[in-house]
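Comments concern the structure below.
The values are calculated or read from the model by the stated rules, or taken from the named source; none is laboratory data. As the structure is a computational prediction, the values presented were derived from the model and not from experiment. Cβ atoms come from the backbone with ideal geometry, glycine included; neighbour counts cover every protein chain shown. Surface accessibility is based on the protein's heavy atoms, side chains included, excluding ligands, DNA and RNA. Shrake-Rupley method; radii C 1.70, N 1.55, O 1.52, S 1.80 Å.
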Amino acid sequence: WTATSDNDWIIIRTQTGKAGIEELAFHIMRNEEEHIRDGIIVIKNEDYDLIAELYITQKAFVPAITINNEMLTFKAAGGTQEVEISTNFEYEVSEKSDWLSVKKNDKGINVIALESEIVEERTAEITISSRKYNISKRIKVTQKAFEPVISINHETLMFTVEGGSQKFEITANIDYEVNTNAEWLSYTQNKNSITVTVPNYAEVEERTAEITISNEKYNISKTIKVTQSAFVPEISAAKSELTFEAVGGKQSVTITANTTATTAALKTRENI
């Protein structure tokens, strides 16, 4: 006998057989259509004009997509997350945002989010689909809002009349500008700190100034108040009273002063 089929999706492995008991081996190709299909294998003996038919029915293909995570959340810093995708067909991946990119891997896809500088949460969608089977799944991607930060470890700086330098630390995740409303102080900006220098002061009134750390784009600022103490003039004498003999004489007195001092005879007292 011989075995044949007119259906190209039925592959006959055993095409001939001898009298007796034989096995008919055949292979059915994958059905990629969404409908049932029927086929026939014809077993024939031409000598005796004998025919046997084997009717074969193959179920319709049912496309399916399984995604292990349909909602992704990224921090403002961005990063990469993996999504496992299981399908029984070749699929396409599409997304329309300018801050996401998608790369296929052996298990599914890698989703890469860029760092966000937007102070509002943003969302996007990734579509896993097949045009042939008109089937799709969507992955919602959310990225948290960027939170601009400027912080300082001191909000006030106090200087004595002698002046000097003091430093305060800055922690920021954005660029910033440094400004002051005073000409009597100066500052040096370093990577994560600012050093404020104040000169010697000889006025009798306290003076104050402000240093502002700010970013106009995000409307955020911090203010450091700088105060320098007033100069307090002081004069003191080691002795407040001297007594001389009638014959007169000379004595010395130690004067301590933080300003220029002059001497003058204010009053004399005669014995009565």
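For the chain, modelled as a GNM whose springs connect Cα atoms under 10 angstrom apart, the maximal fluctuation among Leu24, Leu72, Leu100 occurs at Leu24. In whole angstrom, note down how far apart the Cα centers of the stretch 117-154 and the stretch 25-89 are. Taking the Cα centre of each part, the stretch 117-154 and the stretch 25-89 sit 34 Å apart. Taking every DSSP beta bridge that has both ends in the chain, the antiparallel portion is near 90%. Taking a straight Cα-Cα cut-off under 28 Å and skipping sequence neighbours fewer than 8 places away in the same chain, the lysines within cross-link reach of Lys140 are Lys75, Lys96, Lys103, Lys104, Lys107, Lys132. Of all aspartates and glutamates in the structure, the ones whose alpha carbon falls short of 20 Å from that of Lys217, not counting any fewer than 8 places away in one chain, are Glu115, Glu117, Glu120, Glu121, Glu147, Asp175, Glu177. The charge dipole of the stretch 1-95, taken about its Cα centre with unit charges on the Cβ atoms of Lys, Arg (+1), Asp and Glu (-1) only, comes to about 260 debye.
Only four residue types carry charge here, +1 at the Cβ of Lys and Arg and -1 at the Cβ of Asp and Glu. Report the dipole size of the stretch 25-171 about the Cα centre in Debye, rounded to the nearest 20.
100
When the chain is treated as a GNM with alpha-carbon contacts under 10 Å, the residue of Tyr55, Tyr133, Tyr91 showing the greatest mean-square fluctuation is Tyr55. Near Ala124, once Lys and Arg are set to +1 and Asp and Glu to -1 for all other residues with Cβ below 13 Å from its Cβ, the sum equals 0. With contacts taken as Cα pairs under 8 Å at a separation of at least 6 residues, the stretch 43-158 carries a relative contact order of 26 percent. Computed on the chain, with alpha-carbon pairs under 8 angstrom and 6+ residues apart, the relative contact order is 11 percent. Dimensions of the stretch 172-220 based on its C-alpha atoms, expressed as ranges along the principal axes with the largest first, amount to 41, 21, 13 Å.
Over the chain, with every protein chain in place, what whole percent of the accessible area is carbon and sulfur at 1.4 Å, could you tell me?
Looking at the chain in its full context, I get 46 percent from C and S.
Straight-line cross-link partners of Lys167 among the aspartates and glutamates, defined as a Cα under 15 Å from its Cα and at least 8 positions apart when in the same chain: Glu155, Glu210. All C-alpha to C-alpha distances of the stretch 64-211, sorted into 5 Å bins beginning at zero, yield P(r) values of 2, 7, 14, 13, 9, 7, 6, 6, 6, 6, 6, 5, 4, 3, 2, 1, 1, 0 percent in whole numbers.
Looking at the chain as a GNM with Cα springs under 10 Å, which of Glu90, Glu22, Glu147 has the largest mean-square fluctuation? Ranking Glu90, Glu22, Glu147 by mean-square fluctuation puts Glu22 first. Across every direction, the projection of the convex hull enclosing the Cα atoms of the stretch 101-180 has a mean area of 9.3 nm². Magnitude of the charge dipole for the chain, about its Cα centre and with charges confined to Cβ atoms of Lys, Arg (+1) and Asp, Glu (-1), is about 880 debye.
In whole percents, the pair-distance distribution calculated for the chain from its alpha-carbon pairs, binned every 10 Å from zero, is 5, 15, 11, 10, 11, 9, 8, 6, 6, 6, 4, 3, 2, 2, 1, 1, 0, 0.
Take the chain with all the other protein chains still there, run a 1.4 Å probe, and you get 72 Å² of accessible area per residue.
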